[in-house]
Amino acid sequence: MIVVGLPLWVAQTNCWIVSANQRECILIDVPPDPRSVMAEIKSKNLRVVAIVATHGHIDHVGGISSFLTGEIKEPLTPVYIHSHDRHMLLDPIKNGGGLAQYLVDSGLATSPPEHILGLSDGATVKGARLDLKVLHTPGHTQGSVCLLLHDRDGSEILFSGDHLFKDSIGRTDLPGGSYEDLIESMKAKILPLNDHVAVLPGHGPSTTIGRERTHNPFLRRLG
């Protein structure tokens, strides 16, 4: 199993490269720094078979189109995103807020990917001999998801996007955000997970469910 996290762009957004067979991989989030992602992919001789966006904010999807059309030249690689955040991927300039101009100034592609597929709660994204279970966790955005990976050695990894961080949670003051929804998602989808589950977030260092259950002030309030 290969799991590599690349903190990229001004927001230090984690792009996760995940592979089980050392030939193919799935990307989780592609910030507006596609060349750095491609350099890591090439260094490991991997082929990208799917890209999954944990949500539609520009720091997580802004590099996808450029990566597919300019870096690997495989525009039909499937890109997965929840339907509630699909509009952000379709028009990153309109939905990117103050950061959108960066895409234009940097010459990054702003047209949507050619092959966009939806994500639904409980579904599984398959590829590169990986099965990623989708947990729909609205709150940071209405289409936010976490992805749960069961490794063959029995370990479990949660790619938590901007839902759960070490000692914190995602912000809910942006359009589509809701603190109430985020907390309800946390109680229903995240807290039932085992303490040993590793948490690899969209920003910052990794942690575990057990650690956050006992140390994260937002989760401690939930009992």
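The values are calculated or read from the model by the stated rules, or taken from the named source; none is laboratory data. Just so you know, these numbers come straight off a predicted model, no measurement behind them. When we count neighbours, we look across all protein chains shown, and the Cβ atoms used for this are built from the backbone with ideal geometry, even at glycine.
A few remarks follow.
- Of the residues making up the stretch 127-143, those that are touching a residue at least 60 places away in the same chain (Cβ under 8 Å) and not polar (S, T, N, Q) number 7.
- Elements of type strands (runs of 3 or more DSSP E) contained in the stretch 103-187, each with 1 or more residues being among the basic types (Lys, Arg) and modelled with pLDDT of 95 or more: 124-127, 130-136
- Which numbered condition residue 51 misses (of (1) over 27 Å from residue 93 (Cβ atoms); (2) crowded, with 20+ Cβ neighbours inside 10 Å): (1)
- Residue in the stretch 190-206 that is within 16 Å of the chain's Cα centre (by Cα), on the phi > 0 side of the Ramachandran plot and either part of a loop (DSSP other than H, G, I, E, B) or of a type in the set (S, T, N, Q) (or both) present: yes
- Within the stretch 6-28, the residues that satisfy the criterion of being over 16 Å from residue 126 (Cα atoms) and crowded, with 17+ Cβ neighbours inside 10 Å are 6, 8, 9, 11, 13, 14, 15.
- Test: residue in the stretch 164-179 that is within 29 Å of residue 21 (Cβ to Cβ) and free of Cβ contacts under 8 Å to residues at least 40 places away in the same chain: no
- A single entry from 18, 3, 49 fulfils the requirement of being touching a residue at least 60 places away in the same chain (Cβ under 8 Å), over 15 Å from the mean Cα position of the chain (by Cα) and more than 18 Å from residue 110 (Cβ to Cβ): 49.
- In the stretch 73-102, the residues that are polar (S, T, N, Q) and assigned to a loop (DSSP other than H, G, I, E, B): 77
- Count of the stretch 130-169 residues, restricted to those that are in contact with a Pro (Cβ under 9 Å, 6 or more places away or on another chain) and within 19 Å of residue 97 (Cβ to Cβ), is 4.
- Test: residue in the stretch 70-81 that is in contact with a Ser or Thr (Cβ under 9 Å, 6 or more places away or on another chain), of a type outside the set (A, V, I, L, M) and modelled with pLDDT of 95 or more: no
- Residue 96 loosely packed, with under 14 Cβ neighbours inside 10 Å and either within 21 Å of residue 177 (Cβ to Cβ) or among the small types (Gly, Ala, Ser) (or both): no
- The one condition from (1) at pLDDT below 95; (2) under 15 Å from the mean Cα position of the chain (by Cα) that residue 97 does not meet is (2).
- Filtered by the rule that a residue be surrounded by 19 or more Cβ atoms within 10 Å (Cβ to Cβ) and among the aliphatic types (A, V, I, L, M), the stretch 160-192 gives 164, 169, 182, 186, 190.
- Residues in the stretch 54-64 that are in contact with a helix residue (DSSP H, G or I) (Cβ under 8 Å, 6 or more places away or on another chain) and either of a type in the set (Ser, Thr, Tyr) or part of a helix (DSSP H, G or I) (or both) were compared, and the one that is nearest to residue 82 (Cα to Cα) is 54.
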